[in-house]
1. Is it the case that residue 191 is open to solvent by 40 Å² or more (accessible area, probe 1.4 Å), under 23 Å from residue 243 (Cβ atoms) and under 36 Å from the mean Cα position of the chain (by Cα)?
2. What's the number of the only condition in (1) open to solvent by less than 10 Å² (accessible area, probe 1.4 Å); (2) away from the ligand (no atom under 11 Å from the Cβ); (3) in a strand (DSSP E or B) that residue 209 fails to meet?
3. For segment 173-181, check the following and say yes or no: at least one residue is in a loop (DSSP other than H, G, I, E, B), open to solvent by 40 Å² or more (accessible area, probe 1.4 Å) and in contact with a strand residue (DSSP E or B) (Cβ under 6 Å, 6 or more places away or on another chain).
4. For segment 242-266, which residues satisfy the criterion of being part of a strand (DSSP E or B), more than 9 Å from the ligand (Cβ to nearest atom) and touching a residue at least 12 places away in the same chain (Cβ under 8 Å)?
5. Any residue in segment 1-29 that is part of a loop (DSSP other than H, G, I, E, B) sitting within a Cβ distance under 8 Å of a residue that is of a type in the set (Gly, Ala, Ser)? List the pairs, counting only those 6 or more apart or interchain.
6. Would you check if residue 109 is under 28 Å from residue 320 (Cβ atoms), open to solvent by 50 Å² or more (accessible area, probe 1.4 Å) and outside any loop (DSSP other than H, G, I, E, B)?
7. One residue is enough: does segment 233-241 have a residue meeting the conditions part of a strand (DSSP E or B), away from the ligand (no atom under 15 Å from the Cβ), at pLDDT below 95 and within 29 Å of residue 215 (Cα to Cα)?
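The values are calculated or read from the model by the stated rules, or taken from the named source; none is laboratory data. It should be emphasised that the depicted structure is a prediction, and the values quoted were computed from it without experimental measurement. Note: ideal-geometry Cβ built from the backbone for every residue, glycine included; neighbour counts use all protein chains shown. Side chains included, ligands, DNA and RNA excluded: accessible areas come from the protein's heavy atoms. Shrake-Rupley method; radii C 1.70, N 1.55, O 1.52, S 1.80 Å.
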Amino acid sequence: MLAQLEQLEQEATAALDGADDAQALEQFRIAYLGTKGKLKSAMSWLKDANPQDKPKLGQGLNVLKSKLQAGFDEKQKSLGGASRQAAGPIIDVTEPGLPPRMGRTHVLRQVIDELIEVFGRMGFDTAEGPELEDEQHNFIDLNIPEEHPARDPLDNFYLDDKHLLRTQTSTVQIRVMEKTQPPVRIVSLGRVYRPDTHDATHSSMFHQIEGLYVDERVTMVDLKSTLLQFAHAFFGEDAEVRLRPSYFPFTEPSAEMDIKMTVRGKTEWVELGGCGMVDPNVFEAVGYDPEKWTGFAFGLGIERVAMKRYGIGDIRWFYENDLRFLRQF
Ligand code: DAH
């Protein structure tokens, strides 16, 4: 029996050596290693073998099997490699490509575009002003006197005695009126800067939208109906607007604007910003006749508007560029 094993080994080795193309190799595999192969049938020798030969025979068959398998694997690798090389590198032009990762508009930019659109439909043009401002436009022409707490150097990013990063987009009201004659109907959207400690609701840089409407006989009814139309367009037909008396140096009378909105089934009044009728001192500063012209103005925090609309809990998420956040919008 052991002699038979030896013969099988010689025969199989010769067959493997002789298999020099893929087809011959496959035939070898079927003949020797396959489920109906010679190695498998040699396993039946075991039951007829002498008890003292059995361990040796069993071991011998196992060794032969792994030897042939290893030889086969190696040969297959070298044959496969050779034929692949001959055919050149494998490029499957029908394989689907990797989809490119698409960028998207930042949620703040989406909200800004939508605000421009909503106010545009009401006849408001957009205007721009510089972020690096002088005291004249940030304070003086807006009727904010020297001793006003808003001018405290600790509450502003001053660059020198007279220049600072603007703290409000109200500066653009002045810049527009300086170079345009009424009627004026603009919104201005952009960044403002205040040295606030960063937390969930404060950032030293954020965005505002400013509105200004100047014409003859503009009243608070125009102000409130404009804000109401905005609220309906932006927060839905159920939204309501409430004006609460307040004070701003550049409007008289002044008001805080609250919007009653329903977000995810929850209805609440949310304070969104300030507004009022343009103060006659502001008209004088830009050379408009306060006896002839009237107007309203408003200013809202854009992050606040976006946070309320989408239920965003932390202002810092807007600026961190975390795709897990940004991809949701
Ligand atoms: N500029 C004000 C602020 O930053 C907001 C504001 C209030 C703007 C009243 C206005 C206004 O135009 O009329 O707090």
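1. On the way: open to solvent by 40 Å² or more (accessible area, probe 1.4 Å): yes; under 23 Å from residue 243 (Cβ atoms): no; under 36 Å from the mean Cα position of the chain (by Cα): yes.
Taking the combined requirement at face value, the residue does not satisfy it.
2. (2)
3. Kept after step one, since they are in a loop (DSSP other than H, G, I, E, B), are these residues of segment 173-181: 180-181.
Add one more test, that the residue is open to solvent by 40 Å² or more (accessible area, probe 1.4 Å), and what stays is 180-181.
Subset that is in contact with a strand residue (DSSP E or B) (Cβ under 6 Å, 6 or more places away or on another chain): none.
No, that holds for no residue.
4. First pass over segment 242-266, keeping only residues part of a strand (DSSP E or B): 242-248, 251-263, 266.
After this cut, where a residue has to be more than 9 Å from the ligand (Cβ to nearest atom) as well, the list is 242-245, 247, 252-253, 258-263, 266.
Within segment 242-266, 242, 243, 244, 252, 253, 258, 259, 260, 261, 262, 263 meet the criteria.
5. 1/49
6. On the way: under 28 Å from residue 320 (Cβ atoms): yes; open to solvent by 50 Å² or more (accessible area, probe 1.4 Å): yes; outside any loop (DSSP other than H, G, I, E, B): yes.
Answer is yes for this residue.
7. Within segment 233-241, the subset part of a strand (DSSP E or B) is 240-241.
If we keep only those that are away from the ligand (no atom under 15 Å from the Cβ) as well, we get 240.
Checking which are at pLDDT below 95 leaves us with 240.
If we keep only those that are within 29 Å of residue 215 (Cα to Cα) as well, we get 240.
Scanning segment 233-241 turns up at least one residue that is part of a strand (DSSP E or B), away from the ligand (no atom under 15 Å from the Cβ), at pLDDT below 95 and within 29 Å of residue 215 (Cα to Cα).
For every residue, the table says whether it meets (1) modelled with pLDDT of 95 or more; (2) in a strand (DSSP E or B); (3) surrounded by 21 or more Cβ atoms within 10 Å (Cβ to Cβ); (4) touching a Cys at 6+ places or on another chain (Cβ under 6 Å).
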{"position": "270", "(1), (2), (3), (4)": "no, yes, no, no"}
{"position": "275", "(1), (2), (3), (4)": "yes, yes, yes, no"}
{"position": "284", "(1), (2), (3), (4)": "yes, no, no, no"}
{"position": "291", "(1), (2), (3), (4)": "yes, no, no, no"}
{"position": "299", "(1), (2), (3), (4)": "yes, yes, yes, no"}
{"position": "308", "(1), (2), (3), (4)": "no, no, no, no"}
{"position": "313", "(1), (2), (3), (4)": "no, no, no, no"}
{"position": "317", "(1), (2), (3), (4)": "yes, no, no, no"}
